[in-house]
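Enquirer: I have a structure here, written as structure tokens, and I will follow up with some questions on it.
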Amino acid sequence: MGHYSQTKMLIYIHVPFCRSRCNYCAFHSVPLGRGLVPARSPEVRDYVDTLFLEIARQADAYGQIPVESVFFGGGTPSLLPPKIIGAIMERIARGFKLAPKLEVSLEANPESLRAPRAASGYLAAGVNRLSLGIQSLDERLLDLLGRPHKAQDCFNSILAAREAGFANLNLDLIWGLPGQSVRQWLQTLKDVVRLAPEHISTYGLSVESGTALELSIEQGQLSLPPERDQNIMFTEGAAYLEAHGYLHYEISNFARMGFTCRHNLGYWQGEDYLGLGPSATSTIAGQRWTNAASQKVWGARLAGQVPGPEIERLDLTNRALEMIMLRLRTSQGLRLKDYRELTGRDFLRDQQRLVQALHENGLIRLRNGYLRLTRKGMIVSNAIIGNIFERAKKTLQEGPLPEGAEAGDKALAPQAALRLAEAGPEIRPVVFPQA
């Protein structure tokens, strides 16, 4: 891919294996079955060998860029024993320039930490942030999701992680599950807060195409909670976590002070990242490519037997739209100066009518040069961003504003500022939450 001088980079490693496929999952994964020891699987051995080759190849091109974080995602990365995770980290340390306070995250299923000394083994292998896919503490909901663990496994895995010495623990949860009430969700959050993790991720259930869950809903076997209840789950859940010391720093993420996920924050702030493993995506120096999902094709490409992945060159419009989308996911929001420096355009001037409409409905806030979504706005973030994109694509085609053009954040000062422009495209209506 060529050499490149950059200030910092993230590394993502996709581990595609899992014991069994969860009913809601649409990620690329290879179910190994419940009886097989992963380290003895020919597929796992081939994966590790190919990954070592990819690490060496990419280190030749990007090894001098300081790496801020390494994230093992999946699949279920904790199906790989600590010895293999340690060997992967050794190869990365050999080929790349690692930051002094490197964050190394590993996604793990609770039941995968049952093995004696598994948690301490991962810590010794270099992992310093453990992300446990708990999803729910309700046995019925875990069964509905097709999760391979029980509620007791969640408690046992947290205890094992703490006894091993992990001081940075994330718990993943899903809300808006079929048959789940607002009261059940808030009780789950209360139980999780009592477990005192440093970080909590709460994801609204997304019904993905082609999943077993989608089929069950289409056939009427399951139904999602009413939209109003889902809105309350989000807003009251977020308020509860913030009241108990968890900063709501991104739509789905909450952290105690000093424990935000540096890796994911890097994505949202537009940092470069190198993806390793089948189906992993990389974005470096305005170029993006994605590895083949098939392990066989991924290996054949690295061996030079078939052409490599197609490289997409991100143009100004794509980079600007990604900046809007990613920054608005965070509690800090979009820094208007960054948008102006990238595009030569003034965001508030270009989006006057929409900004006023969103502001009047309490969906955005403007402060200290940042535009951010309110909690109410986060519920309908996709619709808001879709509206912004529609206008931004047109204005970006016009090129930079002429020198001396009035800056929008001055022209749109709070009182007179957010006023409707006389002209401009019609705005598609946003469905505002009633919670």
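Enquirer: Would you pick out the residues in segment 124-160 that are buried (at least 18 other Cβ atoms within 10 Å of the Cβ), under 19 Å from LEU195 (Cβ atoms) and aliphatic (A, V, I, L, M)?
Expert: Those that are buried (at least 18 other Cβ atoms within 10 Å of the Cβ), under 19 Å from LEU195 (Cβ atoms) and aliphatic (A, V, I, L, M): LEU130, LEU132, ILE134, LEU137, LEU141, LEU142, ILE158, ALA160.
Enquirer: Listed residues LEU334, LEU321; which is in contact (Cβ under 8 Å) with a residue 24 or more places away in the chain, closer than 20 Å to ASN253 by Cα and surrounded by 13 or more Cβ atoms within 10 Å (Cβ to Cβ)?
Expert: The unique qualifying residue is LEU334.
Enquirer: What about SER120, is it surrounded by 22 or more Cβ atoms within 10 Å (Cβ to Cβ) and not in a loop (DSSP other than H, G, I, E, B)?
Expert: No: the conditions fail for SER120.
Enquirer: A further question follows. Applying the selection to segment 301-327, what residues are touching a Phe, Trp or Tyr at 6+ places or on another chain (Cβ under 9 Å) and farther than 23 Å from HIS14 by Cα?
Expert: ALA320, LEU321, MET323, ILE324, MET325, ARG327
Enquirer: Kindly establish whether ASP191 is buried (at least 16 other Cβ atoms within 10 Å of the Cβ) and within 18 Å of GLY133 (Cβ to Cβ).
Expert: no
Enquirer: Among (1) assigned to a loop (DSSP other than H, G, I, E, B); (2) farther than 26 Å from GLY377 by Cα; (3) out of contact with any Phe, Trp or Tyr (no Cβ under 6 Å at 6 or more places or on another chain); (4) in contact (Cβ under 8 Å) with a residue 24 or more places away in the chain, which single condition is TRP298 missing?
Expert: Condition (1) is where TRP298 drops out.
Enquirer: Of ARG288, ARG327, ARG262, which residue is in contact (Cβ under 8 Å) with a residue 40 or more places away in the chain, surrounded by 16 or more Cβ atoms within 10 Å (Cβ to Cβ), under 18 Å from the mean Cα position of the chain (by Cα) and not assigned by TED's automatic domain parsing to the domain that holds GLU250?
Expert: ARG327
Residues are listed down the side, and each one gets a yes or a no for (1) hydrophobic (A, V, I, L, M, F, W, C); (2) within 15 Å of the chain's Cα centre (by Cα); (3) at pLDDT below 95:
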position	(1), (2), (3)
LEU276	yes, no, no
VAL306	yes, no, yes
LEU336	yes, no, no
GLU341	no, no, no
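Enquirer: Picking from SER206, SER181, SER252, which residue would you name as being within 19 Å of GLN135 (Cβ to Cβ), of a type in the set (Gly, Ala, Ser) and in contact with a strand residue (DSSP E or B) (Cβ under 7 Å, 6 or more places away or on another chain)?
Expert: Going through SER206, SER181, SER252 in turn, just one is within 19 Å of GLN135 (Cβ to Cβ), of a type in the set (Gly, Ala, Ser) and in contact with a strand residue (DSSP E or B) (Cβ under 7 Å, 6 or more places away or on another chain): SER252.
Enquirer: A further question on this structure: Evaluate the following for VAL380: is it modelled with pLDDT under 95, closer than 28 Å to GLY204 by Cβ and not assigned by TED's automatic domain parsing to the domain that holds LEU328?
Expert: Considered against the rule, which asks whether it is modelled with pLDDT under 95, closer than 28 Å to GLY204 by Cβ and not assigned by TED's automatic domain parsing to the domain that holds LEU328, VAL380 comes out as no.
Enquirer: Still on this model: List the helices (runs of 4 or more DSSP H) inside segment 141-234, counting only whole elements, that have at least 1 residues being in the same structural domain as SER120 (by TED's automatic domain parsing), at pLDDT 95 or above and within 23 Å of the chain's Cα centre (by Cα).
Expert: The helices (runs of 4 or more DSSP H) meeting that bar are 151-164, 182-194.
Enquirer: Go through segment 251-280 and give me each residue that's closer than 21 Å to LYS101 by Cβ, assigned to a strand (DSSP E or B) and not aromatic (Phe, Trp, Tyr).
Expert: ASN253, ALA255, ASP272, LEU274
Enquirer: Does any residue of segment 66-78 turn out to be at pLDDT below 95, under 22 Å from PRO278 (Cβ atoms) and part of a loop (DSSP other than H, G, I, E, B)?
Expert: Yes: one or more hits.
The values are calculated or read from the model by the stated rules, or taken from the named source; none is laboratory data. Only a predicted model underlies this, so the values are computations on that prediction, with no experimental measurement involved. When we count neighbours, we look across all protein chains shown, and the Cβ atoms used for this are built from the backbone with ideal geometry, even at glycine.
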